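FYI, it's all coordinate maths here, none of it is from the lab. Quick caveat: nothing in here was measured; it's all calculated off a predicted structure. All Cβ positions, glycine included, derive from the backbone under ideal geometry; neighbour counts span all protein chains shown.
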Amino acid sequence: MKHEILVIDDNYDIRFLICGILKEKDFIVRSAANFSQAMTEINKKLPDLAIVDIKLEKDDKAGINILKHIVKLNKSTPVIMISGHANVQLAVEAIRLGAYEFIEKPFSTEKILNYVNRALESSTLKEEIKSQESKLFHSFDFIGQSVQIEKIKKDIEKLSNVASRVLITGQTGTGKELLARKIHKNSEKSKYPFVVLNASILKEKNYMKELFGEDLEAETFSQGILEKANMGTLLIDEVSEIPLEIQANILRVLIDQKFRRVNGTKDIRVNIRIISSSSKDLEFLVSKGLFREDLFHRLNVVPIKLPPLNTRTEDIPLLVNYFKKKISEINGIPEANIDPDSEHLINYNWPGNIRELRNIIERVSILASNESENSVNNILKDILNENQNNKTNNDFLNNAMSFPLKEAREVFEKNYLEKQLKKNYGNIAKTADNIGMERSALHRKLKLLGIKGIN
């Protein structure tokens, strides 16, 4: 595929020279002679690479503003800055703002081509890595044959021909984003972007800019998530975390199908399918005044509830076999000898749901490569026991948080000392030495806490 390069310079001779050099090497070349032309060309179509003169029409900041605009649109697009009035401070600022390289005029044909080729190679590599990561993360299928999952699969088919809003609920790790992607992939919007807004990690002060973008100085702007998702699908992940005042703005977009960027004066019309997800009970939050009822009803057109893994254990063998094969392909390792019907897998509670299962299968696959089924079974058992113990400890700490300080300290000390004694097989002297206590002091503490013996 031929790369497209945009050359921006107000000096005709230099612009003509660079364009000629690039065309000889079979690049597709566009050009602009001033800031206004440059913005028109960029907004028409972002090039694969831009060569930008810093000073345009005696404006010392024109090139820098163009660089900022390109970086806002796509950080992966390389920009080579050129200048006949270079100084160290200007070069440092350009690189800091995201320029790939800074070249001082005059420059040789070899030099400009060297930088262009290196920049495009770097950009292509980044895009390939990004594509592979996306393919790796999002290539997982929606696996299961339980009654709950078969019903959801039918729902996905029904949703393929409509653009209705969908609200997906379920515990963390049940596959809410995967389901949203499947709905998008099966819909007429599949050829357009699928954009994810993770509502739980955005800082409140950044919400407006992240959602709506911002009009900046000198006719530049940054696109927000709504604009990036136009014509496609927007997944609002953990929608319950959106602040109430921002919820009103989102509701207005759903009603009007338009918005303005921050500091903007023009309406931007959008056609977006909204899919929302939540691990919290939105109806409960509505009843407590923590989520807008009108927004809830707008989002909850088609509700889908993903069941926890421990309620569909018949799907576990299917998932294990699927993940074994998938992880083997991804990592280039032999398929792990994991028994999909292992009682350890079936009887485990799966607090982290499918995500936890996938992580455990990957961990076992790596640790138990070329091991016998018996060895793999022992490794799997140890990992599940470790996870269960960690969960028990976390539950204990969460419960202790609700106690008064004195009681919480006693609960912690009792739990801590019991585990230390078990670790040392009930040996008081060894336990005292390991935790840095006098043996007599440990005896008194055990008596005070009612710890009589460890089996």
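Name the residue that is farthest from I18 (Cα to Cα), counting only residues in the range 49-64 that are under 30 Å from the mean Cα position of the chain (by Cα) and surrounded by 22 or more Cβ atoms within 10 Å (Cβ to Cβ). Full working, then the answer.
Going through the range 49-64, the residues under 30 Å from the mean Cα position of the chain (by Cα) turn out to be 49-50, 64.
Now narrow it down to the ones that are surrounded by 22 or more Cβ atoms within 10 Å (Cβ to Cβ): 49-50.
On the way: L49: 13, A50: 12 Å.
If we take residues in the range 49-64 being under 30 Å from the mean Cα position of the chain (by Cα) and surrounded by 22 or more Cβ atoms within 10 Å (Cβ to Cβ), then L49 is farthest from I18 (Cα to Cα).
A quick yes/no check of all residues on (1) touching a residue at least 40 places away in the same chain (Cβ under 8 Å); (2) within 24 Å of the chain's Cα centre (by Cα):
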| residue | (1), (2) |
| --- | --- |
| S222 | yes, yes |
| L226 | yes, yes |
| N230 | yes, yes |
| R260 | yes, no |
| G264 | yes, no |
| S287 | no, no |
| L290 | yes, no |
Picked from the range 306-361 (must be of a type in the set (A, V, I, L, M) and part of a loop (DSSP other than H, G, I, E, B)), the residue nearest to the chain's Cα centre (by Cα) is L306
List every residue pair whose Cβ atoms sit under 9 Å apart, with the two residues 6 or more apart in sequence or on different chains, where the first one lies in the range 103-128 and is farther than 15 Å from K25 by Cβ and the second, anywhere, is among the aromatic types (F, W, Y).
I103/Y115; F107/Y115; S122/Y100; S123/Y100
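Please indicate, with yes or no, whether at least one residue in the range 270-281 is of a type in the set (S, T, N, Q), buried (at least 16 other Cβ atoms within 10 Å of the Cβ) and not in a strand (DSSP E or B). Walk me through it before giving the result.
So the first thing to find is which residues in the range 270-281 are of a type in the set (S, T, N, Q), and the list is 271, 276-279.
Then keep just the ones that are buried (at least 16 other Cβ atoms within 10 Å of the Cβ); that gives 276-279.
Retained after the next criterion (residues that are not in a strand (DSSP E or B)): 279.
Yes, there is a match, as at least one residue in the range 270-281 is of a type in the set (S, T, N, Q), buried (at least 16 other Cβ atoms within 10 Å of the Cβ) and not in a strand (DSSP E or B).
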For the range 252-272, indicate whether the set of residues that are farther than 19 Å from A180 by Cβ and of a type in the set (G, A, S) is non-empty.
yes
Is there a residue in the range 185-205 that is out of contact with any strand residue (DSSP E or B) (no Cβ under 8 Å at 6 or more places or on another chain), among the hydroxyl-bearing types (S, T, Y) and touching a residue at least 24 places away in the same chain (Cβ under 8 Å)?
no
Conditions (1) out of contact with any Lys or Arg (no Cβ under 8 Å at 6 or more places or on another chain); (2) over 24 Å from G175 (Cα atoms); (3) of a type outside the set (D, E); number of the one not met by V270
(1)
Name the residue, out of L179, L226, L197, L202, that is touching a Ser or Thr at 6+ places or on another chain (Cβ under 9 Å) and hydrophobic (A, V, I, L, M, F, W, C).
L179
Step by step: first the residues of the range 204-257, then only those that are touching a Pro at 6+ places or on another chain (Cβ under 9 Å) and aliphatic (A, V, I, L, M), then the one that is farthest from I268 (Cα to Cα). Which residue is that?
L234
For the range 227-234, check the following and say yes or no: at least one residue is assigned to a helix (DSSP H, G or I), in contact with a helix residue (DSSP H, G or I) (Cβ under 7 Å, 6 or more places away or on another chain) and at negative phi.
no
Filter the range 332-361 for residues that are crowded, with 16+ Cβ neighbours inside 10 Å and of a type in the set (G, A, S); the one that is farthest from T313 (Cα to Cα) is A336
